[in-house]
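Just so it is clear, none of the values below were taken in a lab; they were calculated from the coordinates. None of the values given here were measured: they were computed from a predicted structure. Cβ sites come from the backbone with ideal geometry, for glycine too, and all protein chains shown count toward neighbours.
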């Protein structure tokens, strides 16, 4: 009897080869959806931050109080094409790249602290 049941199971119909996936999406559509999610969650916000940082660097002027990426706070004494001189203490000035400026502080922030 076991021979007949194993033969019956062997004759069961195989699933169709062209059957769609679990949700009916093709892999190409799934890749496009994942790229769209990736774009709106990671690429677009990063591009927005870069645009804001470029605008901040373009607006730098003498007398602005800034903080560098390294955490050094000071007042801008000279602005060049790619470098900025920052006075960090009376008569102590350092020269940093413009890209190293992280943020511009409100006026008189350094005086009050």
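Rounded if a/c is under 1.5, else prolate if a/b beats b/c, else oblate: with a ≥ b ≥ c from the C-alpha gyration tensor eigenvalues square-rooted, which is the stretch 28-112? Before the final figure, lay out the partial values.
On the way: a/c = 3.70, a/b = 3.05, b/c = 1.21.
The shape class here is prolate.
Quick check: the distance between the Cα centres of the stretch 24-44 and the stretch 59-102, to the nearest angstrom?
Between the Cα centre of the stretch 24-44 and that of the stretch 59-102, the gap is 42 Å.
Simple spin-label model, 7 Å along Cα-to-Cβ: residue 112 to residue 72 in nm?
Calculated label separation equals 2.5 nm.
So what is the relative contact order for the stretch 39-113, in percent, with contacts set as C-alpha pairs under 8 Å and at least six apart? The partial results should precede the final answer.
On the way: 102 pairs, mean separation 20.8, N = 75.
Reported as a whole number, the value is 28 percent.
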